Amino acid sequence: MAPKPYIFLIIALLFIFLPLTTSIHFKLPAIFNFGDSNSDTGELVAAGVYSLEPPYGRSYFTKPSGRYCDGRLIIDFLLEAMDLPFLNAYLDSIGRTSFRKGCNFAAAGSTIEPPTARAVSPFSFRVQVAQFIRFKLQVLRLIAKGKKLHKYLPDEDYFQNGLYMFDIGQNDLAGAFYSKTFDQILALIPSILTEFETGIKTLYDQGARNFWVHNTGPLGCLAQNVAKFGTDPSSLDELGCVSKHNQAAKVFNLQLHTLCKKLQGQYANSNFTYVDIYTIKWNLIANYSKFGFEQPIMVCCGYGGPPLNYDSRIGCGKTEVLNGTTMTAKACSDSSEYVNWDGIHYSEAANQYVSSQILTGKYSDPPFSDKMPFLLGLKF
């Protein structure tokens, strides 16, 4: 059996707290997040583009929550550690939705580059930034009218003092492999990052000063990519992952890291933190049993059985007719034993582990301990 998800977070928090005589106080008034399904808390579902059915959400929310996971995402665990509430999606405005502590613009399937005609999501990074600008404008108009909506909306200074988080780019790379050669994909990366840089600069002009950037994970270890591009054993590495997908991710990450350093140099009054998600996820897949998992690549919620339990024709929780027979992609009995939830997205247990490693500060540039006073206020 895998260890309970909360164990990872406890370990990470102990790592941070033990050297201190008093606890760390997180001084973040709000979070504004941009990205894809790795951090989408309901945007694409709220837009009516896609629907999620059980067993999505079963491990924590007990029902689908708009997240492409059986429970919480990395961003959820990070916000919990910061003592902040989960972020509501920008388009999810039904009911008593609060944006007091920030807003989430991330949408599953989104890319940095403008979407193509075949794109899953119309909400590219440029669109998400435009949504943020409109959100900010509307918030400032509403709070100027009085305090009636104060408890639902961020204060004006939250836009400058808040943290801007980014986890996007995975779909640009993964999607390109369906129509381009490896060399063509590598040649695309500079233009992808130019588009990302433009969005960052727009947010800076809007007052953003604290930037937290996740790099992209090992794409070649996702069952979806192994099933499509790993049929030839020579295309796989020692872990059973598609080599060229991971090589492309590494090149992208190297250039993204360079861009973050460049932006930090240009905007001395800002804070750019680059987080190495790739290394954390790679270590998890390479040493999965050490961390209590039983399956590093095979899918929990899928169809087809070992070795991948993934079939692109049947999404998790869906029922389809294949070769005249009705089939359903069902979930495993214990998702905490699996790194991968549905072939593309990580399980809650895996997200818990990844977030616990982020919180150690060891995988960030700069590391938490000496270069991130905007995030951690140490009280000795």
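Here are a few things to note about the model shown:
- When each of Tyr303, Tyr310, Tyr338 is tested for being closer than 19 Å to Gln224 by Cβ, under 20 Å from the mean Cα position of the chain (by Cα) and open to solvent by 20 Å² or more (accessible area, probe 1.4 Å), the lone residue that passes is Tyr338.
- Qualifying residues in segment 341-362 (those that are of a type outside the set (A, V, I, L, M, F, W, C), crowded, with 20+ Cβ neighbours inside 10 Å and part of a loop (DSSP other than H, G, I, E, B)) - the one modelled with the lowest pLDDT: Gly361
- Residue match in segment 79-89 (condition: open to solvent by 50 Å² or more (accessible area, probe 1.4 Å), modelled with pLDDT under 95, farther than 28 Å from Glu337 by Cα and out of contact with any Cys (no Cβ under 6 Å at 6 or more places or on another chain)): no
- The single residue among Leu186, Leu173 that is at pLDDT 95 or above, in contact with a Leu (Cβ under 9 Å, 6 or more places away or on another chain) and under 19 Å from Gln255 (Cα atoms) turns out to be Leu173.
- The condition of being surrounded by 20 or more Cβ atoms within 10 Å (Cβ to Cβ), within 20 Å of the chain's Cα centre (by Cα) and either more than 18 Å from Gly35 (Cα to Cα) or among the small types (Gly, Ala, Ser) (or both) holds for only one of Gly162, Gly175, that being Gly162.
- Check on Arg67, without any contact (Cβ under 8 Å) to a residue 40 or more places away in the chain, under 18 Å from Gly35 (Cα atoms) and charged (D, E, K, R): yes
- Gly57 meets all of the listed conditions (1) over 27 Å from Pro154 (Cα atoms); (2) open to solvent by 50 Å² or more (accessible area, probe 1.4 Å); (3) of a type in the set (Gly, Ala, Ser) but one, namely (2).
- Test: Phe196 is among the aromatic types (Phe, Trp, Tyr), in contact with a Ser or Thr (Cβ under 9 Å, 6 or more places away or on another chain) and modelled with pLDDT of 95 or more: no
- Here the helices (runs of 4 or more DSSP H) wholly within segment 187-289 that include at least 2 residues being within 30 Å of Gly162 (Cβ to Cβ) are 243-266, 277-286.
- Note on segment 145-159: residues that are among the hydrophobic types (A, V, I, L, M, F, W, C), in contact (Cβ under 8 Å) with a residue 12 or more places away in the chain and in a loop (DSSP other than H, G, I, E, B) total 1.
The values are calculated or read from the model by the stated rules, or taken from the named source; none is laboratory data. Everything numeric in this text was worked out from a predicted model, so none of it was measured. A quick note on method: Cβ atoms are made from the backbone with ideal geometry, for glycine too, and the neighbour counts reach across all protein chains shown. All accessible areas refer to the heavy atoms of the entire protein, side chains included, with ligands and DNA or RNA removed. Shrake-Rupley method; radii C 1.70, N 1.55, O 1.52, S 1.80 Å.
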